[in-house]
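Undergrad: Take this structure first; my questions come after.
Rule-based calculations on the coordinates, nothing more; no lab input. Predicted, not measured: the structure shown is a model, and the values here were computed from it. No Cβ is skipped: glycine too gets one built from the backbone with ideal geometry, and neighbour counts run over all protein chains shown.
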Amino acid sequence: VAMTVPADHVVMSTGQCQNYPQVLTPAQLGRWQTAANAKDVTEIVTLDEAKAREKQKSTQKKTWIFKADMVRDFAWGSSRKFIWDAMAVKIGSNTPLAMSYYSKEGNPLWEKESTLAVKNTLEVYSKYTIDYPYPQATSVHAASIGMEYPMICFNFGRPGKDGTVTPQLRQGMIGVVVHEVGHNFFPMIINSDERHMTWMDEGLNTFCEYLATQ
C-alpha cells in the first residue's frame, strides 16, 4: 500500500514500511535502527520534532509504502502531531517491534505506559498461546475508542488538562492497550470468525488480557 500525505506527516500502518530512508530524516532513521534492537523504549520522532511540525504546515508531499503478509484487514493513520517510540521484543526466534504513536496531549501517560504495555502483551500472550508472528505491534493514541486491526490498534487515554493521571485512568488506558493489541491473536492471527464464535474472540482475549494486566 502506498500512501501519499503531507511531507510533515508521520504515517503508521498494518505491515512494515518499505521506504523509511526516503520518508524519515537521517536522525530519525538512525533512531529507528537503534529501536530495532533496543531493550528500552526509544523515541524515533521526538516531542520537539512534533511540536515544530505543528507550527508550520508543509506544502510538499511524501509517499509512505507498507507491506503486510497474512493479514485479513488493514488500517493506517497519518498526522503531523505524532510522537513515535518503539522497542524490540524477543519472542521465540522473532524480534518484533512494540511501537506507539501519540500526540503531546497524551503525555505523560502515553510516553510512560503505551509501548511497555504493547511489549508486555506480546510476551504474555505468546507465553500462554502462540508466538507472535508479525513483525510489529502498534498502539495509536485515539480520543475515545479502542479498536483493533492486524498489527495496529487505536486506544483512548488522555490526562487531564493539567497533566494529572489518576490511577483509574492509568489502569483503564493500560487495559485497553492490552486488550486491543491482544486481538492480534484472537481473531487476527488465529483467523477465527468473531461473529459466530465470540468466545474465541472476546472470551479468550479477555482471559489473556487478565493475565497480561496482572
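Undergrad: For segment 147-207, state what percent of all Cα-Cα pairs lands in each successive 10 Å bin, counting from 0 Å until the bin that includes the largest distance.
TA: Spelled out bin by bin, segment 147-207 gives 24, 42, 23, 10, 1 percent.
Undergrad: Further, regarding this structure: Given a cut-off of 31 Å, what percent of all Cα-Cα pairs of the chain lie beyond it? Please report the intermediate quantities before stating the final value.
TA: Working: 3669 of 22791 pairs.
Of all Cα-Cα pairs in the chain, 16 percent lie more than 31 Å apart.
Undergrad: While we're here: With θ set to phi - 60° and the Karplus curve 6.51 cos²θ - 1.76 cosθ + 1.60, what are the ³J(HN,Hα) couplings of segment 155-165 in order, to the nearest whole Hz, using x for Gly and Pro?
TA: Residue by residue, segment 155-165 yields 9, 7, x, 9, x, x, 4, 8, x, 6, 10 Hz.
Undergrad: Let me ask another. Taking segment 29-68 as the region of interest, what is the percent of Cα-Cα pairs per 5 angstrom bin, listed from the shortest bin to the one with the maximum distance?
TA: 5, 17, 15, 22, 23, 13, 5, 0
Undergrad: Taking the mean number of other Cβ atoms within 10 Å as a proxy for protection, how do you rank 184-192, 126-134, 151-159 from highest to lowest?
TA: Values: 184-192: 19.9, 126-134: 16.7, 151-159: 23.3.
Ranked from most to least packed, the peptides come out as 151-159, 184-192, 126-134.
Undergrad: Same structure again: If you average the sequence gap of Cα pairs under 8 Å that are 6 or more apart and divide by the length of the chain, what percent do you get for the contact order? Can you show the working numbers first?
TA: On the way: 426 pairs, mean separation 40.7, N = 214.
Rounded, it is 19 percent for the chain.
Undergrad: Related question: Just in segment 161-214: which trypsin sites (Lys or Arg not before Pro) are loop by DSSP and have at most 10 other Cβ atoms within 10 Å? Before the final figure, lay out each step's value.
TA: Details: sites: Lys161, Arg170, Arg195; in loops: Lys161, Arg195.
Loop-located and lightly packed - Lys161, Arg195.
Undergrad: Hey, another quick one. List the relative contact order of segment 88-214 as a percent without decimals, with contacts defined as Cα pairs under 8 Å and 6+ residues apart. Don't skip to the answer; put the middle values down first.
TA: Values: 219 pairs, mean separation 30.5, N = 127.
With pairs under 8 Å counted, the relative contact order is 24 percent.
Undergrad: Take each of the peptides 142-148, 14-20, average the number of other beta-carbon atoms within 10 Å over its residues, and list them starting from the highest. Before the final figure, lay out each step's value.
TA: Working: 142-148: 14.3, 14-20: 16.9.
Highest mean packing first, the order is 14-20, 142-148.
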